[in-house]
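Quick one: structure below, then a few questions.
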Amino acid sequence: MDDESEQSLEAVGPRLRALRKQRATTLTELSGETGISVSTLSRLESGSRKPTLELLLPLAKAHGVTLDELVDAPPTGDPRIHLRPVQRHGMTMLPLTRRAGGIQAFKLIIPANAERGEPDPQTHEGYEWLYVLNGRLRLVLGEHDLLLSPGEAAEFDTRVPHWFGCADAQAVEFLSLFGKQGERAHLRAKPKET
């Protein structure tokens, strides 16, 4: 192995620790997500264990980064984001951001006649902003039951019980900006010229 490859592998430990800290995740929580023991995760982060592909793949997935980002591979010059859809709770989620931590962007698609059942509002840490692209989105937020049409947006603290699904038998597509640490979306408007 050449010196550059060796240096990249040595830098993986601190990068893993930084990604985990950015997500405010414990070693125990990460172990549950990846199936990798706490002691192995600790040794990877400290650099006392060499990373292998079998260990890096689930860690990259858990942190929401590519393997290239995890090992700090040199950039290829291609600015495109290669979307990898994820199926969760009857929805297709397309991550639009590649970095761990901070505000995450997703395009979500709930298919027509999706089996989402009765609303079951949930809570978690964070702040979310939704923007409907196509179809109509039903958003149950606390005591409110709202219908959002294309071009409408909603933002809310995710500690308020919330649930969303199709408002009717048609599919719905929407964008979501989510900040795990409670970050809010900010718009900057150009001052009105006088």
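The values are calculated or read from the model by the stated rules, or taken from the named source; none is laboratory data. This one's a predicted model, so the numbers in the text were calculated from it and none came from an experiment. Cβ atoms come from the backbone with ideal geometry, glycine included; neighbour counts cover every protein chain shown. Heads up: the accessible areas ignore ligands, DNA and RNA and are worked out on the full protein's heavy atoms, side chains in. Shrake-Rupley method; radii C 1.70, N 1.55, O 1.52, S 1.80 Å.
Residues are listed down the side, and each one gets a yes or a no for (1) open to solvent by less than 40 Å² (accessible area, probe 1.4 Å); (2) at pLDDT 90 or above; (3) outside any loop (DSSP other than H, G, I, E, B); (4) within 30 Å of residue 173 (Cα to Cα):
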position	(1), (2), (3), (4)
4	no, no, yes, no
28	no, yes, yes, no
32	no, yes, yes, no
39	no, yes, yes, no
43	no, yes, yes, no
60	yes, no, yes, yes
77	no, no, no, no
92	yes, no, yes, yes
100	yes, no, no, yes
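Any residue that is more than 15 Å from the chain's Cα centre (by Cα), modelled with pLDDT of 85 or more and open to solvent by less than 50 Å² (accessible area, probe 1.4 Å) - is there at least one of those in the range 118-133?
yes
I'd like to check something: does the range 146-158 contain any residue that is closer than 17 Å to residue 88 by Cβ, in contact (Cβ under 8 Å) with a residue 12 or more places away in the chain and assigned to a strand (DSSP E or B)?
Initial filter on the range 146-158 (closer than 17 Å to residue 88 by Cβ): 158.
When the remaining residues are screened for being in contact (Cβ under 8 Å) with a residue 12 or more places away in the chain, the result is 158.
Narrowing further to those that are assigned to a strand (DSSP E or B): none.
No; the residues of the range 146-158 include none that is closer than 17 Å to residue 88 by Cβ, in contact (Cβ under 8 Å) with a residue 12 or more places away in the chain and assigned to a strand (DSSP E or B).
Checking residue 9 against (1) at pLDDT 85 or above; (2) on the phi < 0 side of the Ramachandran plot: exactly one of these is not met. Which one?
Condition (1) is where residue 9 drops out.
Would you tally the residues in the range 154-179 being more than 19 Å from the chain's Cα centre (by Cα) and polar (S, T, N, Q)?
1
Can you tell me how many residues within the range 134-145 are farther than 20 Å from residue 179 by Cβ, outside any loop (DSSP other than H, G, I, E, B) and open to solvent by less than 40 Å² (accessible area, probe 1.4 Å)? I'd like the intermediate steps shown before the answer.
Of the residues in the range 134-145, the ones farther than 20 Å from residue 179 by Cβ are 134-136, 138, 140, 143-145.
Now drop any that are not outside any loop (DSSP other than H, G, I, E, B), which leaves 134, 138, 140, 144-145.
Remaining after also requiring open to solvent by less than 40 Å² (accessible area, probe 1.4 Å): 140.
Going through the range 134-145 one residue at a time, the tally reaches 1.
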